[in-house]
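Taking it in order: structure first as structure tokens, then the write-up.
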Amino acid sequence: MEEANKTVVSEFIFQGLCTSRELQIFLLMPFSALYLMTVIGNLFVVTLIIIDHHLHSPMYFLLANLSFIDFCLSSVTTPKLTTDLLKDNKTISFGGCMSQILCVHFFGGGEMVLLVTMAYDRYVAICRPLHYTSIMDRQKCIWLILISWIIGFVHAMSQLILILELPFCGPRVIDSFFCDIPLVMKLACTNTDTLGIVINADSGVLATTCFILLLISYTYILLTVQHHSKDGSSKALSTCTSHIIVVVLFFGPCIFIYLWPVSITWVDKFLAVFYTVITPLLNPAIYTLRNKDIKSAVKKLKNHR
């Protein structure tokens, strides 16, 4: 018995999105295209903001960071998901699994804090326009970005340390396409009820705190916008609407997966696909389609060519 307990799982097996071989082959092209569009879209936004001097403002500096995080978040899971669609045996090493957990929570946690930072930037721009340049100076922007990365890293490490303490010696099949904490915990050779509460509280506190701060910020901004002139109000409302759409798309699935007491496998898989594959693609599209400055920068880039 003691010898069995010392047996360490060296790899995990993914069940993937579905069991049908035909459906997996059918999904290969759409997921490959989605990932390619995500990479091109996000890196294009980052490059455009770097090369166009008119976009060297705090709002676009934060947007470039959001696009970079979305590119990284998508790259943690989507390439593996896509290549696994061609395989019957979908395995991942123990180290690879732990790396996925670390990276998903690092980039996901960082994005949550970054979205709060972007809301703060819009709050200062709309509610205190005369003091905007002095409040949101270059140094403060860099510090706010660093804080979002640091909080994301601390959150990810706290999750990973708790998971690494668990003994894995028996079942190794994960009913998903990437290593997600709730599913990996189920495979531990020990009772994880208490640990599950601690981990969900960790993720829940970060997600809920950021979400509440965002709701307060945008409510205050929208109330302030009502007192502005019609033109200013329209522009501010357009910008805030873009931000709010991104917030809902990102936080909705995360809160549902980690805080909803009932777990329905196909719903969890769909939501996991949504926030790891779809949302990173939608973010640059939402900002690009709704933003006049970025449209103008794209036109200038075309004219130069």
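The values are calculated or read from the model by the stated rules, or taken from the named source; none is laboratory data. Since the structure is predicted, the reported quantities are computational estimates derived from the model, not experimental observations. Because the Cβ atoms are built from the backbone with ideal geometry, glycine has one as well, and the counts that use them run over all protein chains shown. Each accessible area value is taken on the protein alone, full model and side chains, heavy atoms only, with ligands, DNA and RNA left out. Shrake-Rupley method; radii C 1.70, N 1.55, O 1.52, S 1.80 Å.
Does segment 1-90 come out rounded, prolate or oblate, given a ≥ b ≥ c as the square roots of the eigenvalues of its C-alpha gyration tensor, rounded meaning a/c under 1.5 and, failing that, prolate meaning a/b above b/c? In terms of gyration-tensor shape, oblate.
How high is the relative contact order of the chain, in percent, with contacts defined as C-alpha pairs under 8 Å that are six or more residues apart? Spell out each step's value before the answer.
Numbers: 345 pairs, mean separation 78.5, N = 305.
So the answer I get is 26 percent.
By a 1.4 Å probe calculation restricted to protein chains, residue 22 has an accessible surface near 140 Å², given to the nearest 10.
Restricting to DSSP loop positions (anything but H, G, I, E, B) with no more than 11 other Cβ atoms inside 10 Å of their own Cβ, which trypsin sites (Lys or Arg not before Pro) remain in segment 46-97? Can you show the working numbers first?
On the way: sites: 80, 87, 90; in loops: 87, 90.
Qualifying residues, ordered by number: 87.
Sorting 83, 276, 288 by solvent-accessible area of protein heavy atoms yields 83, 288, 276, largest first, with a 1.4 Å probe. For segment 4-146, the solvent-accessible area with a 1.4 angstrom probe is 47 square angstrom per residue. To the nearest 10, the accessible area of residue 194 is 100 Å² with a 1.4 Å probe. For the set 142, 13, 126, 197, the ranking by accessible area, highest first and with no ligand, DNA or RNA atoms included, is 197, 142, 13, 126 under a 1.4 Å probe. Helix 94-127 sits at what angle to the longest principal axis of the chain, using alpha carbons and giving 0 to 90 degrees rounded to 10? Between the helix axis and the principal axis of the chain, the angle is about 20 degrees. Summing charges over all other residues whose Cβ lies under 14 Å from the Cβ of residue 46, with Lys and Arg as +1 and Asp and Glu as -1, gives -2.
Mean-square fluctuations from a GNM of the chain, with a 10 angstrom spring cutoff on Cα atoms, peak among 223, 34, 81 at 223.
Total lysine pairs in the chain at Cα distances under 23 Å, for residues eight or more apart or on different chains: 16. Note on the chain: with neighbouring protein chains present and a 1.4 Å probe, carbon and sulfur make up 68 percent of its accessible heavy-atom surface. Taken per residue, the accessible surface of segment 154-250 reaches 50 Å², heavy atoms only and a 1.4 Å probe. Positive end of the dipole of the chain (Cβ unit charges, origin at the Cα centre): among 256, 113, 296, the Cα lying farthest that way belongs to 296.
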